[in-house]
Amino acid sequence: MKTKIETIHNITNITLAQKAIILLQKQKLKIATAESCTGGLLAYHFISLDGASTIFDGGMISYANSIKNTWLGVGSDSLQTFGAVSEIVVRQMCKGIIKQSGADVGLATSGIAGPSGGSNEKPVGTVFIGIQFKNKDAIVKHCQFSGNRNEIQIQTCNQALEMLIDLLQSR
């Protein structure tokens, strides 16, 4: 029997990912992901579906700050001043994944999924999601989710896919 999380994961995210794939295909766009708190879950939602090869270039799991810096070009000063879970870092992650992959769209996540790692300023559930179209500025959303680690990751993926769909529909 499936758990509530598995049901949410299988129905909501896959349906959103299917819609995103269709919109990306119609606009002939390729996407790449740079993920921290979602640890590849966003990439999974794309590549688990038929048609993914037409829109998905690749993804990076940049969990450690050193990887954000060396692989994605996130500034050490940004990481030290603002922390990995910040708008500026997610903007730089978007820019970096587009540069590294050559994709048309970069999608990045960074957050605190818990159960530890939170603070008064950035409690568990604090997430930044960014989407950038090549040669445009990134759009970053600050979210505050609740639940356990897996639920926060799923909510992050849902929000990222919904943001992507909204941006694609408004183009």
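For the range 73-87, enumerate the residues that are over 21 Å from residue 124 (Cβ atoms), surrounded by fewer than 22 Cβ atoms within 10 Å (Cβ to Cβ) and touching a helix residue (DSSP H, G or I) at 6+ places or on another chain (Cβ under 7 Å).
Once the filter is applied, which keeps residues that are over 21 Å from residue 124 (Cβ atoms), surrounded by fewer than 22 Cβ atoms within 10 Å (Cβ to Cβ) and touching a helix residue (DSSP H, G or I) at 6+ places or on another chain (Cβ under 7 Å), the range 73-87 yields 73, 75, 76, 78.
Would you pick out the residues in the range 105-134 that are surrounded by fewer than 23 Cβ atoms within 10 Å (Cβ to Cβ) and in contact with a helix residue (DSSP H, G or I) (Cβ under 9 Å, 6 or more places away or on another chain)?
114, 115, 124, 125, 131, 133, 134
Answer yes or no: is there a residue in the range 144-155 that is touching a helix residue (DSSP H, G or I) at 6+ places or on another chain (Cβ under 6 Å), closer than 18 Å to residue 31 by Cα, crowded, with 19+ Cβ neighbours inside 10 Å and polar (S, T, N, Q).
No, every residue in the range 144-155 fails to be touching a helix residue (DSSP H, G or I) at 6+ places or on another chain (Cβ under 6 Å), closer than 18 Å to residue 31 by Cα, crowded, with 19+ Cβ neighbours inside 10 Å and polar (S, T, N, Q).
Quick one: residue 159 ticks every box in (1) in a helix (DSSP H, G or I); (2) touching a Cys at 6+ places or on another chain (Cβ under 9 Å); (3) surrounded by 20 or more Cβ atoms within 10 Å (Cβ to Cβ) except a single one, so which number is it?
(3)
Any idea which of (1) over 19 Å from residue 163 (Cβ atoms); (2) polar (S, T, N, Q); (3) in contact with a strand residue (DSSP E or B) (Cβ under 6 Å, 6 or more places away or on another chain) is the one residue 81 doesn't satisfy?
Of (1) over 19 Å from residue 163 (Cβ atoms); (2) polar (S, T, N, Q); (3) in contact with a strand residue (DSSP E or B) (Cβ under 6 Å, 6 or more places away or on another chain), only one is false for residue 81: (3).
Being farther than 30 Å from residue 26 by Cα, more than 15 Å from the chain's Cα centre (by Cα) and surrounded by fewer than 20 Cβ atoms within 10 Å (Cβ to Cβ) is the requirement here; does residue 170 meet it?
No, not satisfied.
Could you figure out which of (1) touching a residue at least 60 places away in the same chain (Cβ under 8 Å); (2) buried (at least 18 other Cβ atoms within 10 Å of the Cβ); (3) within 15 Å of residue 32 (Cβ to Cβ) isn't true of residue 93?
Unmet for residue 93, out of (1) touching a residue at least 60 places away in the same chain (Cβ under 8 Å); (2) buried (at least 18 other Cβ atoms within 10 Å of the Cβ); (3) within 15 Å of residue 32 (Cβ to Cβ): (1).
Taking only the range 12-60 into account, find how many residues are in contact (Cβ under 8 Å) with a residue 24 or more places away in the chain and within 18 Å of residue 155 (Cα to Cα).
Of the residues in that region, 19 qualify.
Give the range 126-148 a look and list any residue that's hydrophobic (A, V, I, L, M, F, W, C), under 15 Å from residue 87 (Cα atoms) and assigned to a loop (DSSP other than H, G, I, E, B), or say none.
Residue satisfying the conditions is 138 alone.
Can you pull out the residues in the range 48-65 that are of a type in the set (Ser, Thr, Tyr) and either crowded, with 19+ Cβ neighbours inside 10 Å or within 19 Å of residue 93 (Cα to Cα) (or both)?
62, 63
Out of contact with any Cys (no Cβ under 9 Å at 6 or more places or on another chain), in a helix (DSSP H, G or I), surrounded by 22 or more Cβ atoms within 10 Å (Cβ to Cβ) and modelled with pLDDT of 95 or more, is that true of residue 164?
For residue 164, the condition - out of contact with any Cys (no Cβ under 9 Å at 6 or more places or on another chain), in a helix (DSSP H, G or I), surrounded by 22 or more Cβ atoms within 10 Å (Cβ to Cβ) and modelled with pLDDT of 95 or more - is met.
The values are calculated or read from the model by the stated rules, or taken from the named source; none is laboratory data. Everything numeric here is computed off the predicted structure, so don't read it as measured data. For neighbour counting, all protein chains shown are included, and Cβ atoms are generated from backbone atoms with ideal geometry for every residue, glycine included.
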